[in-house]
Amino acid sequence: MGKRRRNPQRRWSRRAWLAHAGAAGMATLGAPRVWAEMFRHRQPPAAVTREALRLQAECGVASGDVTAESAVVWSRANRPAQMLVEYDTTDHFDDARAVPGPLVSPETDLTGKVMLTGLPPGELVHYRVTFVDPADPRSKSEPVVGRLRTPGHQARRWRLAWSGDTCGQGFGINPDWGGLRMYRTIAATEPDAFVHSGDTIYADAPIPAEIQLDNGQVWRNLTTPEKSKVAETLDEFRGNYRYNLLDEHLRAFQAATAQYTQWDDHETTNNWYPGEVLNDTRYHERDCNVLATRARQAFLEYQPIWTPERERSRIYRSFVQGPHVELFLLDMRTYRGANGPNRQTEPRPDAALLGAEQLSWLKERMAASTATWKIVCSDMPLGLIVGDGPNQFENAANGPGPALGRELEIADLLAHLKRRQVRNVIWLTADVHYAAAHYYDPAAATSTDFDPFWEFVAGPINAGTFGPGTLDPTFGPQVKFNAVPEGMPQGRPPSEGRQYFGLVEFEPATSALTVSLRDVEGKVLYRVELPPA
């Protein structure tokens, strides 16, 4: 498909395009206040009920897992229908190509995905999703538009945004605060892609109608039945994603920006690990293996992720972003051993964090990469100590001393990268609900067999703010920036403005990366330029 001149009469500003994308196809959702009233009475107003009879792409559109020639397009209908995706390199679709999609049904909560192939590398691709009534092909939804940019084979300026932690600690969609406004702020930076570093939902955190803040103010949430309790059933997990998609900023952002999505613990429940049995009276189903199976199905249904049929549930994966950058997305949740003292002296399954298969994949894939920069997208930070009860640890860090327990996997990976001369590695993460920049220096470490590297922490998108955390000196991390002050009261509301995201920018003239950490207003709090080795 060749590059064509745009119709100047159809050239929209980014602000107008985002507003259009967020509103398109959302008539059944209406304004947030209408839905708040609807949920309060559990019965939609008559006008909303009549509108709901019409076939619609109810939750907007999204794209993800984009390569130079392919992308996944996602949407959800309001009733069973055939999904149809059309795409073109112009926004008027004069030469659109149509790709039939699946018949969406209650089996997937009316969600559907289409893999677009044969896309032009390095191009802005416009797409639109229509749902067709299989019993009456003349009955169609209004098309909902989206766009994505494919990585090219030539070097060019490139931007990646990242953050994590959406709707945590009971802080949900607050119309008085402007909804999930961080997504609007990130969109304004015009990233080529976005990495959601995990905790895309908080399945274990109900959303109350109101939260009384310690300053006397009240945080008011939209609420839904599925968000009134912890998620246990498949529909309750699905309802967490439907809740987030009530927000107009999230819908507009997803239509405008391709995503690479990870998961962490809160897609299931706090700090879970395989085989855990919960000691939590809020749950009737306490087997984390059962909960995680339902959580994974809902996550994969609602995210624009595509994995081979034989690996439909695999979440770790990698993506080339042109000749100079490759992303490596990890899964630190599925293959871990039990949380505990984390002091094992040799690698074994009960000391796993990535697991043997994923660790082997990561080592070899990074060593084989020809990209100048290797960006590891981790759902947890490496050096910050995250506890899970007395003498229990949630991530790799376990306090001062040599590499032990889960740290053995990290030490193995870092030593492998040094031996294979894998240069220019940075780590991006979220999870701890504040922003920070850490430089890992072997000269200051206990475990020293590695080349120095940077780790950047961002988040939350819309949740309570915590921190700062305590760093484990095993791999010699040094704090270069910390966004929150020592002694800050924990769990601060989004209305205090301590919500964070990060931006990575590649400059082809120098092959340098510039990483910045920013707040919910888009203000740059910290910036560092990293020249390639």
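The values are calculated or read from the model by the stated rules, or taken from the named source; none is laboratory data. Everything quoted here is computed from the prediction, not taken from an experiment. Counting neighbours? That spans all protein chains shown, and the Cβs are built from the backbone with ideal geometry, glycine included. For accessibility, only protein heavy atoms count, side chains too; no ligands or nucleic acids. Shrake-Rupley method; radii C 1.70, N 1.55, O 1.52, S 1.80 Å.
Volume per residue of the convex hull around the Cα atoms, evaluated for the stretch 392-456, comes out as 96 Å³. Once the chain from ARG420 to GLU496 is taken as fully extended at 0.36 nm per residue, the excess over their C-alpha distance is 22.8 nm.
Normalised radius of gyration (Cα atoms, divided by 2.2 N^0.38 Å) for the stretch 86-215: 1.37. Quick one: compute a quarter of the convex hull surface over the Cα atoms of the stretch 492-533 and quote it in nm². The Cα convex hull of the stretch 492-533, projected and averaged over all directions, gives 3.4 nm². Relative to the Cα centre, the charge distribution of the chain, modelled as +1 at Lys and Arg Cβ and -1 at Asp and Glu Cβ, gives a dipole magnitude of about 1720 debye. If you take all other residues with their beta carbon under 15 Å from the beta carbon of VAL422, and give Lys and Arg +1 and Asp and Glu -1, the sum is +2. With the helix formula -39500 (n - 2.57) applied to DSSP H stretches of n ≥ 4, the chain reaches a computed 222 nm mean residue ellipticity of -5500 deg cm²/dmol. Over the stretch 200-329, all Cα pairs binned in 5 Å intervals from 0 give whole-percent P(r) values of 2, 9, 16, 19, 18, 15, 10, 6, 3, 1, 0, listed from short to long. Think of the chain as having a plus end and a minus end, set by charges on the Cβ of Lys, Arg, Asp and Glu; of GLY118, LEU404, SER318, GLY118 sits farthest toward the positive end of this dipole.
Of the residues ALA209, ILE305, SER141, the one whose Cα sits farthest toward the positive end of the charge dipole of the chain, with +1 on the Cβ of Lys and Arg and -1 on the Cβ of Asp and Glu, is SER141. At the residue level, ARG419 shows approximately 150 square angstrom of accessible surface with a 1.4 angstrom probe and all protein chains present. Here the chain is treated as an ellipsoid with the same Cα gyration tensor; its semi-axes, largest first and in whole Å, are 36, 28, 22. Charge tally for ASP133 (other residues, Cβ to Cβ under 12 Å; Lys, Arg +1; Asp, Glu -1): +3. These residues, LYS227, LYS363, LYS140, go from largest to smallest accessible area, 1.4 Å probe, as LYS140, LYS363, LYS227. Backbone N atoms of the stretch 499-533 closer than 13 Å to the 7 Å Cα→Cβ label point of ARG157 belong to residues 505-510, 514. Among residues other than PRO473 with Cβ under 12 Å from its Cβ, the summed charge is -3 (Lys and Arg +1, Asp and Glu -1). Farthest toward the positive end of the dipole of the chain, out of PRO381, GLN56, LEU160, is the Cα of GLN56, where the dipole comes from beta carbon charges about the Cα centre. With respect to the chain, whose longest principal axis is taken over its alpha-carbon atoms, helix 234-244 is tilted by about 80°.
Of LEU250, LEU471, the order by accessible heavy-atom surface (1.4 Å probe, DNA, RNA and ligands excluded), from most exposed downward, is LEU471, LEU250.
Among VAL218, VAL73, the sequence by solvent-accessible area, most first, with a 1.4 Å probe is VAL218, VAL73. For the chain, the per residue solvent-accessible surface stands at 39 Å², with DNA, RNA and ligands left out and a 1.4 Å probe. Basic side chains Lys and Arg get +1 at the Cβ, acidic Asp and Glu get -1 at the Cβ, and with that the dipole of the stretch 337-482 about its Cα centre reaches some 440 debye. Surface composition of the stretch 65-106: carbon plus sulfur atoms contribute 53% of the solvent-accessible area (1.4 Å probe, protein chains only, all chains present). Amide H to amide H distances under 5 Å link SER139 with ASP133, where only residues 5 or more positions off or on other chains count and H is placed in the peptide plane. Taking a straight line from the alpha carbon of LYS523, these aspartates and glutamates sit under 18 Å away, with near neighbours fewer than eight places off in the same chain left out: GLU190, GLU496, GLU505.
Put a dot 7 Å past the Cα of GLU346, heading toward its Cβ, do the same for LEU530, and the two dots end up 3.5 nm apart. Each Cα pair under 8 Å and six or more residues apart adds its sequence gap; the mean of these over the residue count of the chain is a relative contact order of 13 percent.
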